[in-house]
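Below is one structure, written out as structure tokens; the observations come after it.
The values are calculated or read from the model by the stated rules, or taken from the named source; none is laboratory data. Being a predicted model, the structure only gives us computed values, none of them experimental. Neighbour counts are summed over all protein chains in view; Cβ atoms, including those assigned to glycine, are modelled from backbone coordinates with ideal geometry. Ligands, DNA and RNA are excluded from the accessible area calculation, which covers all protein heavy atoms including side chains. Shrake-Rupley method; radii C 1.70, N 1.55, O 1.52, S 1.80 Å.
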Amino acid sequence: MSGTEQDRIRFATEVVGKDPFATLLGIEVTEVRDSYARASLKIKDEYCNARVRTHGGVLFSLADQTFAVAVHARGIDAFALEMKINFFQATGSGDVVFAEAYPIDVRNRVSLWNIDLSNEAGERVAQAQGLAYHLL
């Protein structure tokens, strides 16, 4: 992906950050800079499971979206090869969950990224890792 840092950040924010699925969920990209993204999601009733907790798939989607924006903000045209997530604390309807993505290691063809998810009190809700494959 070519262009200036400003072009890359604009693409990551406006194109990747507003993909149809993320928009459907209501994921809001709140900060983007080189190799970094922060996003948030207000949890709705319909995002909860039978135990009235946020469905893991919703938190995974927030992590995945934030990961994609951060990767593209670095200027890497890529897609996810693998993602994993560990859940630490429940959230529910009305809560706001924040995600922050940043690189752990960037190589020529792949990069490993960390995605931290937290609640409004700053407590860790989940932690994910994403492996990106770089298109050259």
Original post:
Mind checking which residues of segment 99-129 are among the β-branched types (Val, Ile, Thr) and surrounded by fewer than 14 Cβ atoms within 10 Å (Cβ to Cβ)?
Top reply: 104
Original post:
Is there a residue in segment 65-73 that is in contact (Cβ under 8 Å) with a residue 12 or more places away in the chain, within 17 Å of residue 130 (Cβ to Cβ) and open to solvent by 60 Å² or more (accessible area, probe 1.4 Å)?
Top reply: no
**OP:** Just name the residue that is nearest to residue 111 (Cα to Cα) out of those in segment 40-51 that are touching a Ser or Thr at 6+ places or on another chain (Cβ under 8 Å) and part of a loop (DSSP other than H, G, I, E, B).
**Re:** 43
Subject >> Cβ pairs under 7 Å, 6+ apart, first in segment 85-107 and in contact (Cβ under 8 Å) with a residue 40 or more places away in the chain, second part of a loop (DSSP other than H, G, I, E, B) and of a type in the set (A, V, I, L, M, F, W, C) >> reply: 91/43; 92/43; 92/52; 93/43; 94/43; 95/43; 97/43
**OP:** Filter segment 3-14 down to residues that are touching a residue at least 12 places away in the same chain (Cβ under 8 Å) and of a type outside the set (D, E, K, R) and give me whichever is least open to solvent (accessible area, probe 1.4 Å).
**Re:** 12
Original post:
Within segment 41-50, is there a residue that is surrounded by 19 or more Cβ atoms within 10 Å (Cβ to Cβ), closer than 15 Å to residue 130 by Cβ and not small (Gly, Ala, Ser)?
Top reply: no
**OP:** Would you mind stating whether residue 82 is charged (D, E, K, R), at pLDDT 95 or above and either buried (at least 16 other Cβ atoms within 10 Å of the Cβ) or not in a loop (DSSP other than H, G, I, E, B) (or both)?
**Re:** yes
**OP:** Name the single residue, out of those in segment 87-98 being within 25 Å of residue 32 (Cβ to Cβ) and in a strand (DSSP E or B), that is most open to solvent (accessible area, probe 1.4 Å).
**Re:** 98
**OP:** Could you run through segment 99-136 and say how many residues are part of a strand (DSSP E or B) and modelled with pLDDT under 95?
**Re:** 0
Subject >> Qualifying residues in segment 21-39 (those that are of a type in the set (Asp, Glu) and part of a strand (DSSP E or B)) - the one least open to solvent (accessible area, probe 1.4 Å) >> reply: 31
